[in-house]
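Structure record follows, encoded as structure tokens.
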Ligand code: ADP
Ligand code: MG
């Protein structure tokens, strides 16, 4: 036997597929089939109709069908190239079969006089209707036809349809297709039984509405989609409950510090801010960890909500940590928190990869002793050397930028070996995701939404300008800066290489400096040392830099109210949420703000659509909804969301009603039929932790 790559498979892969050779198991693995039951869940892409023999006369071009006839002629032709050409006739007419590649044995099977049954798509040939490379076999004239549509499965190289069909048919015959759901639930939702749905999808009867199968709206399809969504919801609720079972410090609303900060703020909280704050304050007063996601569009004022939550934590004698994904953003939070909290006598510490060794050492001591009550930082907060005295609340800004493991690491900071208490967790995101996605992917979290903007904002005006009219843009930038305002100039995005991105930033900066000799131009990009980055940002905030050339590092969270103009070069290369985030950097002060999207034609239809969406919409949730349609949920959430399950069958853009039902059913099952929930999870997850989130 040859040693195939299959030897590298984990031993379980093979053991879970008894009676299947290692080589085939490996190919099945490529299709995501690792257990026998995965074969049951491997559903057809489409079907061939071999249940009816069509008279040859009715075999019109463009149709895919089954015919049967007697071979009248079979010849190897040499022009225009070597091929096997065969004529087939029945009572109604004649058809040509053409094989451009063929074996000698085929010449024998297709010998004149043989009766063959042929399936293929018909096209218009030189001599009337013909089929090229049809599937065929020699039959007895009265051989019965198929009783069900023939499934066509997703497959992979080296694994033929026929083999896969046989394997799946065998599995269907042998596996018990037990029902996991209470009958009443299926009845209430109008869904068929699992076994019936599976059998129908693998072997649909000839009279089934094919379009309903193809469109995946047939009740059998809906059952499978529902089951999949239910498994997802169940798994996430189980994790939610498991985490909820842990203990957490009770952080009561005492009010003194919170009131003091509220009194000092130059503004009043919006109704939405007050509402989410009330939810958070209630949550952290419980003896189990909060797991809340705070969603709010760019500029909706999440930071102050976070600060007030941190204060409630501090009032109870616990530490709070605030973490942001970029140095710029973390630094900005640090400044904001220090400005708000230090006058109240609260020590705020700063931890980042960039701080000096000795400073860091001192900060680490402060954190360990509890002298630093609020700690702000970047990923550096995850590091092992950072040890808290008593972490009560972890706040994670732009949570989607962090991986699952990082979030876990911060949570573990709260739990000492001899204690099971975990800190409360508040995650924040300015990348709004549509409600459908939020329900699906954040089913393991409680979600709050800030759905209104602070008053007094003037909406940003968006302009689409073709590269050819760049001069006008230059003039606009000059005018704005000369009038005392500030502007961002965003470099084109070079996704392929960091090195090229850096070069582009440097080139753009040089060019912008040349274009505006009278302006003080700064540059900030991802490769700058953190101290340099901070210097530039601080100078921009103080107004010393008038025009800031930037890469997309400024995409998240940066808050400079006097900046009222943004130019984005090659906007056509950027994604919708990126454009929305970038645009959110302006329009933060009282002055009317403008975002100029410079684009270079010709535009792909997708790029055109993106620019249209960003031009026509300012609401982040609305933009996210379009983004979902343009890109699909997988890409929308991004690879960073490791641990996010990808749905195979359900389509969140279409199956919203099923998602709603699955969510409700998950709660009910866990409460009333825990055994059924367990069986359902085992069937759909089979030991994989695909739906696990932290
Ligand atoms: P984001 O939700 O994008 O993180 P920020 O928290 O940075 O938004 O808030 C944007 C700006 O709005 C900040 O300058 C902040 O101080 C200000 N702000 C927050 N809440 C209010 C409010 N209720 N009224 C007026 N301004 C507010
Ligand atoms: Mg923010």
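The values are calculated or read from the model by the stated rules, or taken from the named source; none is laboratory data. Computed from a predicted model, the values in this text were never measured in an experiment. We place every Cβ from the backbone using ideal geometry, glycine too, and count neighbours over all the protein chains shown.
Only one entry of 553, 560 meets the criterion of being more than 22 Å from residue 469 (Cα to Cα), under 28 Å from the mean Cα position of the chain (by Cα) and not in a strand (DSSP E or B), and that entry is 553. Only a single criterion out of (1) under 28 Å from residue 282 (Cβ atoms); (2) in contact with a strand residue (DSSP E or B) (Cβ under 8 Å, 6 or more places away or on another chain) is not satisfied by residue 203, namely (1). Taken over the range 161-176, the residue count meeting the criterion of being out of contact with any strand residue (DSSP E or B) (no Cβ under 8 Å at 6 or more places or on another chain) and crowded, with 16+ Cβ neighbours inside 10 Å is 4.
Please tell me if residue 652 is modelled with pLDDT under 85 and part of a loop (DSSP other than H, G, I, E, B). For residue 652, the condition - modelled with pLDDT under 85 and part of a loop (DSSP other than H, G, I, E, B) - is met. The number of residues in the range 535-572 being more than 15 Å from ligand 2 (Cβ to nearest atom), farther than 19 Å from residue 476 by Cβ and in contact with a helix residue (DSSP H, G or I) (Cβ under 8 Å, 6 or more places away or on another chain) comes to 3.
Residues satisfying the criterion are present in the range 298-306 (criterion: over 24 Å from residue 458 (Cα atoms), at pLDDT 95 or above and assigned by TED's automatic domain parsing to the domain that holds residue 431). Per the conditions (1) under 25 Å from residue 162 (Cβ atoms); (2) in contact with a helix residue (DSSP H, G or I) (Cβ under 9 Å, 6 or more places away or on another chain); (3) surrounded by 15 or more Cβ atoms within 10 Å (Cβ to Cβ), the sole criterion not satisfied by residue 138 is (3). Of the strands (runs of 3 or more DSSP E) lying entirely inside the range 62-160, those carrying at least 3 residues that are free of Cβ contacts under 8 Å to residues at least 24 places away in the same chain and in contact with a strand residue (DSSP E or B) (Cβ under 8 Å, 6 or more places away or on another chain) are 83-89.
For the range 203-216, the condition holds for at least one residue, the condition being that it is surrounded by 16 or more Cβ atoms within 10 Å (Cβ to Cβ), on the phi > 0 side of the Ramachandran plot and in a loop (DSSP other than H, G, I, E, B).
Regarding the range 266-278, can at least one residue be identified that is surrounded by fewer than 19 Cβ atoms within 10 Å (Cβ to Cβ), within 18 Å of residue 393 (Cβ to Cβ) and assigned by TED's automatic domain parsing to the domain that holds residue 389? Yes, the range 266-278 contains at least one residue that is surrounded by fewer than 19 Cβ atoms within 10 Å (Cβ to Cβ), within 18 Å of residue 393 (Cβ to Cβ) and assigned by TED's automatic domain parsing to the domain that holds residue 389.
Looking only at residues that are within 16 Å of ligand 1 (Cβ to nearest atom) and either surrounded by fewer than 24 Cβ atoms within 10 Å (Cβ to Cβ) or part of a loop (DSSP other than H, G, I, E, B) (or both) in the range 563-578, which one is nearest to the chain's Cα centre (by Cα)? Within the range 563-578, the match that is nearest to the chain's Cα centre (by Cα) is 577.
Is it the case that residue 531 is modelled with pLDDT under 85 and either within 16 Å of ligand 1 (Cβ to nearest atom) or crowded, with 21+ Cβ neighbours inside 10 Å (or both)? No. Assess whether residue 109 counts as being over 27 Å from residue 205 (Cβ atoms) and surrounded by 14 or more Cβ atoms within 10 Å (Cβ to Cβ). Taking the combined requirement at face value, the residue satisfies it.
To keep it simple, each residue is scored yes or no on (1) under 25 Å from residue 531 (Cβ atoms); (2) in contact with a helix residue (DSSP H, G or I) (Cβ under 7 Å, 6 or more places away or on another chain); (3) outside the structural domain of residue 434 (by TED's automatic domain parsing).
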| position | (1), (2), (3) |
| --- | --- |
| 310 | no, no, no |
| 315 | no, yes, no |
| 345 | no, no, no |
| 356 | yes, no, no |
| 365 | yes, no, no |
| 369 | no, no, no |
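Of the residues contained in the range 444-462, none is found to be more than 25 Å from residue 564 (Cβ to Cβ) and in a helix (DSSP H, G or I). Filtered by the rule that a residue be more than 16 Å from ligand 2 (Cβ to nearest atom) and either under 19 Å from residue 309 (Cα atoms) or modelled with pLDDT of 90 or more (or both), the range 339-360 gives 341, 342, 343, 344, 345, 346, 347, 348, 349, 350, 351.
Of the candidates 124, 90, the single residue that is closer than 23 Å to residue 60 by Cβ and crowded, with 17+ Cβ neighbours inside 10 Å is 90.
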